[in-house]
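Since the structure comes first, as structure tokens, the remarks are kept for the end.
Nothing in this text is a laboratory measurement; each read-out follows from the coordinates by a stated rule. All figures in this text were calculated on a predicted structure; none of them were measured in a lab. Virtual Cβ from ideal backbone geometry, glycine too; neighbours counted across all protein chains shown.
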Amino acid sequence: MARVAALAAERVRPGARLVFVRLKVSARSHLLADGGEAARAAFARATCGTPLDGAGIELIPVPVGASCRACGARGEWDGLTLDCRACGAGPLAVEEAPEALLHELVLEDVEE
């Protein structure tokens, strides 16, 4: 999360305050393992005492595509099973995707 905080800090314009960061996170990511609580806590620690202190983080789960090697069916991987929903064969070929992408910074103007 320190890297996310550093990227956000580089993009905050003068006269603005970061309200929160939106990250698109792969459904395969460990960042979602506990509902995102550990990621939120890590972001809070990384921003503590910096100009980003108090900013929140929103994790937006992004489904991961998968295809069946046996029947060719395509769909979203649910993260639980590697068996095809259409034919029952497995394992599915799960698509590679970035773990997280900085999606949006929500800023608020600061009165001077």
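Just to be sure I follow the definition: excluding the sites themselves, where is the longest run in the chain that has none of the trypsin sites (Lys or Arg not before Pro) in a DSSP loop with at most 15 other Cβ atoms within 10 Å?
1-68
Calculated mean residue ellipticity, 222 nm, the chain: -5500 deg cm²/dmol, from DSSP H runs (n ≥ 4) at -39500 (n - 2.57) each, averaged per residue and rounded to 500. Take every Cα pair under 8 Å whose residues are at least 6 apart in sequence, average their separation, divide by the length of the chain, and the relative contact order is 38 percent. Within the shell of other residues whose beta carbon sits under 13 angstrom from the beta carbon of Ala5, the net charge comes to +2, with Lys and Arg scored +1 and Asp and Glu -1.
In angstrom, the C-alpha Rg and Dmax of segment 2-109 are 17.8, 57.
In plain terms, the chain from Ala16 to Cys48 could stretch by 9.8 nm, reckoned as 0.36 nm per residue minus the Cα-Cα distance. Here the Karplus curve 6.51 cos²θ - 1.76 cosθ + 1.60, taken at θ = phi - 60°, turns the phi angles of segment 79-94 into couplings of x, 10, 10, 10, 8, 5, 6, 7, 10, x, 6, x, x, 5, 8, 8 Hz, with x standing for Gly and Pro.
With the simple model of a label 7 Å out from the Cα in the direction of the Cβ, Ala2 to Ala93 spans 3.9 nm.
In the chain, the DSSP beta bridges split such that about 70 percent are antiparallel, to the nearest 5.
The 3J(HN,Hα) values that the Karplus relation (6.51, -1.76, 1.60; θ = phi - 60°) gives for segment 28-42 are, in residue order, 7, 6, 5, 4, 9, 4, 10, x, x, 4, 5, 5, 5, 5, 5 Hz. Gly and Pro appear as x. The fewest-to-most ranking of Leu101, Leu107, Leu52 by surrounding Cβ atoms within 10 Å reads Leu101, Leu107, Leu52. Sorted fewest first by neighbouring Cβ atoms within 10 angstrom, Val110, Val21, Val12 come out as Val110, Val12, Val21.
Dipole magnitude for the chain: about 360 debye, using +1 per Lys or Arg Cβ and -1 per Asp or Glu Cβ, origin at the Cα centre.
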